[in-house]
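Following: one structure in structure tokens, then a few remarks.
The values are calculated or read from the model by the stated rules, or taken from the named source; none is laboratory data. As the structure is a prediction and not an experimental result, all values here were calculated from the model. All Cβ positions, glycine included, derive from the backbone under ideal geometry; neighbour counts span all protein chains shown.
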Amino acid sequence: MTKRFAVIGIGMAVLASVAIAGTQPVLQSPAASEGAAGARFALPLDGTWTVLDEYMNPGDFFPSNPWSYTSATPVTFTITDLFVISDQFEIYVDNNYFATTPAVPDWPAYTNDPFDPMYWYNDPDLALASGYYSSGVYVLPAGAHDVSIRNIHIPPMDATGAPFPDGTVAFKAVPEPASLALLGLAGLLAFRRR
């Protein structure tokens, strides 16, 4: 009986640690993203935000693509624009189109200054909750996969409409808790049979 409660307690601790994983952003600079052709970056599966601010043109993929992950369960992938309002993204899994974040109005719809602190967030959690930024939550498939992000809209710098020279995005990934709970239950059943 004691062993059963110990296994349940460990399973609940694992689920809790996944649910409250750190949210401190990891900044990926343009210099860090320059590397050999075919280089891959590990997609953290602990809920940590990864923030990219890279030089690019509208329609370009972020230079630090792809981000690779391996998970026995589906993965919840959260993505949001950051800093100046209105970057919009397409997500690709294994080079196949997967999803597009919704279009939102450019910053001139809200303010005369793209850096107005009322509409400019550098915290991914605040940007996601604000409703001003293009964002979404998607379920990526289980297994070993590559995720790439394409910036299909970069906000204008000023009234001329010329886009900023960089694109910004924040994203995080976490294995689905429901799937982890099922794995925990399967482990309990296997343990009980012994």
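Among Ala144, Ala103, Ala127, Ala99, which is the only one that is at pLDDT 95 or above and part of a loop (DSSP other than H, G, I, E, B)?
It is Ala103.
Phe77 versus (1) of a type in the set (A, V, I, L, M, F, W, C); (2) touching a Ser or Thr at 6+ places or on another chain (Cβ under 8 Å); (3) touching a residue at least 24 places away in the same chain (Cβ under 8 Å): which is the lone unmet condition?
Of (1) of a type in the set (A, V, I, L, M, F, W, C); (2) touching a Ser or Thr at 6+ places or on another chain (Cβ under 8 Å); (3) touching a residue at least 24 places away in the same chain (Cβ under 8 Å), only one is false for Phe77: (2).
Is the stretch 106-113 home to any residue that is small (Gly, Ala, Ser) and either touching a helix residue (DSSP H, G or I) at 6+ places or on another chain (Cβ under 9 Å) or in a strand (DSSP E or B) (or both)?
No, the conditions are met nowhere in the stretch 106-113.
Within the stretch 38-96, which residues are more than 13 Å from His145 (Cα to Cα), part of a loop (DSSP other than H, G, I, E, B) and of a type in the set (A, V, I, L, M, F, W, C)?
Result: Ala39, Trp49, Met56, Phe62, Leu82, Val84, Ile85.
Restrict the check to the stretch 65-77 and report whether at least one residue is within 23 Å of Pro165 (Cβ to Cβ) and under 12 Å from the mean Cα position of the chain (by Cα).
yes
Residues that are at pLDDT 95 or above, assigned to a strand (DSSP E or B) and either in contact with a strand residue (DSSP E or B) (Cβ under 6 Å, 6 or more places away or on another chain) or of a type outside the set (Gly, Ala, Ser) (or both): does the stretch 153-165 have at least one?
yes
Identify all residues within the stretch 127-162 that are acidic (Asp, Glu) and under 16 Å from Thr111 (Cα atoms); write none if there are none.
Within the stretch 127-162, Asp158 is the sole residue that qualifies.
Would you pick out the residues in the stretch 124-152 that are among the acidic types (Asp, Glu) and over 16 Å from Val51 (Cβ atoms)?
Asp146
Can you work out which of the residues in the stretch 71-91 that are under 14 Å from Thr50 (Cβ atoms) and among the hydrophobic types (A, V, I, L, M, F, W, C) is surrounded by the fewest Cβ atoms within 10 Å (Cβ to Cβ)?
Ile91
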